[in-house]
Amino acid sequence: MYKIYSGSTGSGKSFKLKKEYQKLASKIGSEEILLFLNSARSVSQFREEINLEMVGNLNVYTYFGFVNQQLNKNWPAVERKYSGENEIIEPTFMNIETSHFLMSNYVAKYREEKAYFRNIKARPVQIAVQLIDNLNLAAFNMLNFEELRQRLISWTQNDEERREYAEQSIRIMKTFRKFSLNYRLFDYSAAVTLFNQYLLSDSEYLNNLNNSYSYLLVDDLEKLVPAGQSLIKTLTENRLKGIFTFNESGGFNRFFGGNPAAAKKKFFNSEAAIIQLKANYTSSSASVELAEQIKKVVQEREKNTLKSKLLLAEIDSELRGEMLIKVAKEIITLLKKGTKADQIAVISPNIDKVLSFSLEQILEKNGYQLSNFNRSKRLIDIPFARALLILYLFYCGKTNIVGISSLQQALSLLLELDPLRSYILAEEIAASGMNLIDLDQSNLRGKINFHSAEKYDYLRDWLQDKKENKLEIEDFFQLVFSELLAPLNPSEEDVFACRQMIESVARFHQAVENFHQEKDDLSERYINMIYEGTLAAETLFKGQEKDKGVILASPYRFLFSPELKGVDYLFLLDISSNEWMQSIAKELVNPYIYTDQWKKQAAWDDKIDQQIRLNQLSDFLISLIYKVKKGIYVADSFLNSSGREQEGPLYRWFDVRGE
């Protein structure tokens, strides 16, 4: 028996679950409770915010975090079942950059040697992302490799070129998976497959797991992948008492494997005590009515337009730049009337540089901030992490990829120089062939000031001293951070970025040293991946600090950021853009074909594609509406930033003026 708190976005489901957790933990202890949350950021936030008088282990995980923890804990038993031998080969769980590195290597190799994917213009790492998505989606839906192959081939629907690409994809994925299993290098898909195949099928393991806990709590059941849903169902059928939450409009993560329809079918039955939450704490009373209209207009096409007192105004221009200026002026008017900056959110399906730069410049000119939740957090964009990279490139003599701008910023940080003096020094170093110069010979000592000159001499001597010792890249990073960067009072973000880079490169080496023999080559590959801006350059932040700026985000980022509870005013931008209705299918991957719905129809056409797009748009809009209290502004331009006409259907459905 279990109970489900069901309601819309902002109805207090997560709050109820947290209260249930605190009540149970106070009564039976936190060790007796297993809690699943939908993201690592939510887990981190929960651990920081939970208020318990007693001290105990917090068994709080994402589904994937739990799978990895259980495989690590029970690996000897899994190894014996997998290989039939008692000899234990320690497993390594690949992070994102490592799995993409390995897969992109295979893609590049097959492209070069066998001319795979001839007419696909994407780079190897972009193709690798799609192939890994196929493996993940199959595993998340508990499909074996043969079922993956059948569905991928069936999706091509006798298109010869697409079938050829599908077969090529299958060969590369099969090679990747074989290598992964042989060397016990597990990505998400391999970990989930092994967990289901060798642990969940073991009655002794299941019995021990059930005896370890008394309660199972799950937030956002609809976002859980089907394999996770199956685990939850298995545990509640055995012994554990369950308390779950379900968002009726939370299907906006279908591309990432979530399946609300499957969750509802599996859990909404006679075993469930369903508690409907009607109130809403992040929206106005008009939101419910508007949400119902959206279903009729967008999904069911029963009406032609949306009308609501929640829709305050339409901002319309021929040129996008003009539209953004009008939006910024409207935001400033609200701010001057007393609205707090973090109670205004600007949402667009495409947060491009034109949008972010225009709003940021106008707001800052008027004394306000913009908080861009879609801003890329690449390692090379963070000063302390950039300094780590620059110093390593000077240490190993690979300065050919160092730009003057990056060097200038690193020198500003390390020597505490102003931008002008650091630029002068960077230019001189670049002119010498990117070699650290002698300040006296270059007559720069007086120009950059004597205090900074002493720091430069120390840095130059420090690097020269370290060159006499052959250090691995991770050891070098550790020394740079402890001896050069830590005394500079780094922020929490700087410390976290450096730690992630040190841990990331260490895991990268550990995982792929069987793939490449030369460690120098591995270090160079790692650095190149960071500079290319691939996923290897992404830092895994606990979450963006919510500062007091106007929020700028894509729909998905806004809805999936646990720190964003709701706002007073919402600006929906670019509403005639087709990007509001992006297809979930790409050239080589389609999440839909791995679902139960595909199993029933086994077809993919424009009608199905359009319906999925409309459902996704509807879920986005309804969830966004339930996060706004006072009003919504819609903004659009006839031409986009590239000067092209926009023809998306969302514009036609809004009737702000009531015409």
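Every number in this text was worked out from the coordinates using simple rules, so none of it is lab data. The shown structure was predicted, so the numbers you read here are calculated from the model rather than taken from an experiment. In this analysis, Cβ positions are derived from the backbone assuming ideal geometry, glycine residues included, and neighbour counts consider all displayed protein chains.
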task = Could you give the size of the charge dipole of the chain about its Cα centre, using +1 on the Cβ of each K and R and -1 on the Cβ of each D and E, expressed in debye and rounded to the nearest 20?
result = 2140 debye
request  = Show which lysines lie in cross-link reach of Lys447 when reach means a straight Cα distance below 26 angstrom and same-chain residues fewer than eight apart are skipped.
outcome  = Lys455
key: Difference of contour (0.36 nm per residue) and Cα-Cα distance, Lys630 to Ser442   = 61.4 nm
inquiry  = Just to confirm a number: summing +1 for Lys and Arg and -1 for Asp and Glu over residues other than Lys3 whose beta-carbon lies under 11 angstrom from that of Lys3, what do you get?
reply    = 0
Distance between modelled label sites at Lys470 and Phe268, nm, 7 Å Cα→Cβ extension = 6.4 nm
remark   = Taking a crude spin-label model, label points 7 Å out from Cα along the C-beta direction, the Asn211 to Gln610 distance in nm is 5.9 nm
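May I ask you to compute the full-extension gain from Ala430 to Lys278, defined as 0.36 nm times their residue separation minus their alpha-carbon distance, rounded to one decimal in nm? Before the final figure, lay out each step's value.
Working: separation 152, 0.36 × 152 = 54.72 nm, distance 6.46 nm.
Stretched out fully, the Ala430 to Lys278 stretch lengthens by 48.3 nm.
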task = Return the distance in nm (one decimal) between the two label points of a simple spin-label model at Asn366 and Ile584, each offset 7 Å from Cα along Cα→Cβ.
result = 3.9 nm
query = Rounded to the nearest 0.05, what FRET efficiency is calculated for Phe179 and Gln69 with R0 set to 41 Å and r the Cβ-Cβ distance?
reply = 0.95
ask   = If you plug each phi of region 317-332 into the Karplus form 6.51 cos²θ - 1.76 cosθ + 1.60 with θ = phi - 60°, what whole-Hz ³J(HN,Hα) values come out, in order, with x for Gly and Pro?
value = 8, 6, 9, 5, x, 5, 4, 5, 5, 5, 4, 4, 5, 5, 4, 4
message = Taking the alpha-carbon distance from Lys467 and a cut-off under 16 Å, which lysines remain once sequence neighbours fewer than 8 residues away in the same chain are dropped?
response = Lys398
ask   = If you take the beta carbon distance between Lys296 and Lys233 as r and set R0 to 45 Å, what does 1/(1 + (r/R0)^6) give as a FRET efficiency, to the nearest 0.05?
value = 0.85
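Note the full-extension length gain between Glu112 and Leu319 as 0.36 nm times their separation in residues minus their Cα-Cα distance, in nm to one decimal. All intermediate terms of the calculation are to be shown ahead of the outcome.
Values: separation 207, 0.36 × 207 = 74.52 nm, distance 4.39 nm.
Value of the extension gain: 70.1 nm.
Counting other C-beta atoms within 10 Å, which of Leu391, Leu224 has the fewest, and how do the rest follow?
The most exposed by this proxy come first: Leu391, Leu224.
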remark   = Over 18 Å (Cα to Cα) among Lys16/Lys266; Lys13/Lys627; Lys18/Lys265; Lys337/Lys629; Lys353/Lys629 -> Lys16/Lys266; Lys18/Lys265; Lys353/Lys629
request  = Using the Karplus curve 6.51 cos²θ - 1.76 cosθ + 1.60 with θ = phi - 60°, work out ³J(HN,Hα) for each residue of region 569-578 in order, rounded to whole Hz, and write x for Gly and Pro.
outcome  = 10, 10, 10, 9, 9, 6, 6, 9, 6, 5
query = Quick one: Karplus J couplings for region 234-240, per residue in order, coefficients 6.51, -1.76, 1.60, θ = phi - 60°, nearest Hz, x for Gly and Pro?
reply = 4, 5, 6, 6, 7, 8, 5
note = Per the C-alpha gyration tensor (a ≥ b ≥ c, the square roots of its eigenvalues), region 208-352 is rounded if a/c is under 1.5, else prolate if a/b beats b/c, else oblate; here it's prolate
query = Most exposed first by the Cβ proxy, i.e. fewest other Cβ within 10 Å, how do Val288, Val480, Val634 rank?
reply = Val288, Val634, Val480
task = Can you tell me which of 553-560, 307-314 comes out highest on packing, and rank the rest after it, using the mean Cβ neighbours within 10 Å?
result = 553-560, 307-314
